[in-house]
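We did not get these values from a lab; they are worked out from the coordinates using the rules stated. This one's a predicted model, so the numbers in the text were calculated from it and none came from an experiment. No Cβ is skipped: glycine too gets one built from the backbone with ideal geometry, and neighbour counts run over all protein chains shown.
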Amino acid sequence: MSRDEEWVKLSSEILTCSGCRLSESRSRAVPGEGSLTARLVLIGEAPGKSEDEAGRPFVGAAGKLLNQLLEVNGIKRGEVFITNVVKCRPPSNRDPLDDEVMSCAPFTNRIIQLIQPSIITTLGNHSGRYVFEVLGGGRWHGVTRMRGKTYVFKILGRNVTVIPTYHPAAALYNPGPRAGLEEDFKLIASKYREVLQSEVKVSGRRRTLLDYLR
């Protein structure tokens, strides 16, 4: 099965999922979108009202800010992959509950396994806690303490650089998180460029007998 075919199957399962209470109140599930060969995956918390209506992640006010942060740092939205730790909108935009995050975890894990990113950026506390503690086996001390740095974890069998930052929604009307978010995206873009440059060097060098024996 090709990667595209796997994504069609996975997204279809998400769209019809009834695994937790969030399926009872959603309009549409939001599997995620972007490049299936993305080197950078961004994981948010949950769809909001606009996302629930459109079936796409980050299309409301927070999504516009996310698009700006990507664009100003030279990253096209279409070259990354964006999803959330829960794929259905919690009622009244409340925070997702732990059991809802874990109910959606198999989908989140399958997305990561399908794309095999080099970098994961977590947006907000819920996605940070899930990636650090559940996938990475680390300790999560809140986004304010953890942001601004890079971490490397073995996630689903691969070494992945994790860069936590605020959720864009927290920065819409608060200058503190906004400044931190802008600073963090410079770091994200820098690490992203390093990954792309290293892959170009590997693909461009002359292959040796050792390459074929690996």
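Considering the stretch 125-175, the residues that are among the β-branched types (Val, Ile, Thr) and under 19 Å from Asn109 (Cα atoms) include one that is surrounded by the fewest Cβ atoms within 10 Å (Cβ to Cβ), namely Val152.
Taking the stretch 71-106 as the range and being buried (at least 22 other Cβ atoms within 10 Å of the Cβ) and not charged (D, E, K, R) as the test, the residues that pass are Val80, Phe81, Ile82, Thr83, Asn84, Val85, Val86, Cys88, Pro96, Val101, Cys104.
Listed here are the residues, each with its yes/no results for (1) charged (D, E, K, R); (2) under 16 Å from the mean Cα position of the chain (by Cα); (3) part of a helix (DSSP H, G or I).
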{"position": "Asn67", "(1), (2), (3)": "no, yes, yes"}
{"position": "Leu70", "(1), (2), (3)": "no, yes, yes"}
{"position": "Val86", "(1), (2), (3)": "no, yes, no"}
{"position": "Asp95", "(1), (2), (3)": "yes, no, no"}
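So, Arg39, is that one charged (D, E, K, R), out of contact with any Lys or Arg (no Cβ under 9 Å at 6 or more places or on another chain) and closer than 26 Å to Tyr192 by Cβ or not? Taking the combined requirement at face value, the residue satisfies it. Is it the case that some residue within the stretch 46-60 is over 18 Å from Thr165 (Cα atoms), part of a loop (DSSP other than H, G, I, E, B) and basic (Lys, Arg)? Looking for residues that are over 18 Å from Thr165 (Cα atoms), part of a loop (DSSP other than H, G, I, E, B) and basic (Lys, Arg), one finds at least one in the stretch 46-60, hence yes. The sole residue among Asn73, Asn84, Asn67 that is touching a strand residue (DSSP E or B) at 6+ places or on another chain (Cβ under 6 Å) and either aromatic (Phe, Trp, Tyr) or at negative phi (or both) is Asn84.
Selection within the stretch 114-172: residues that are among the hydroxyl-bearing types (Ser, Thr, Tyr) and part of a helix (DSSP H, G or I). The member of this set that is farthest from Leu69 (Cα to Cα) is Tyr130.
Applying a threshold of 6 Å to beta carbon distances and a minimum spacing of six or more residues, or different chains, the list of pairs starting in the stretch 81-93 at a residue that is under 25 Å from Tyr192 (Cα atoms) and ending at one that is assigned to a strand (DSSP E or B) and small (Gly, Ala, Ser) reads Phe81/Gly34; Ile82/Gly34; Asn84/Gly44.
Only one of the numbered conditions (1) crowded, with 19+ Cβ neighbours inside 10 Å; (2) out of contact with any strand residue (DSSP E or B) (no Cβ under 7 Å at 6 or more places or on another chain); (3) charged (D, E, K, R) is violated by Glu45, and that is (2). Just to verify a result, which residue in the stretch 9-33, among those that are among the β-branched types (Val, Ile, Thr) and outside any helix (DSSP H, G or I), is nearest to Leu66 (Cα to Cα)? Once the filter is applied, the top-ranked residue is Val30.
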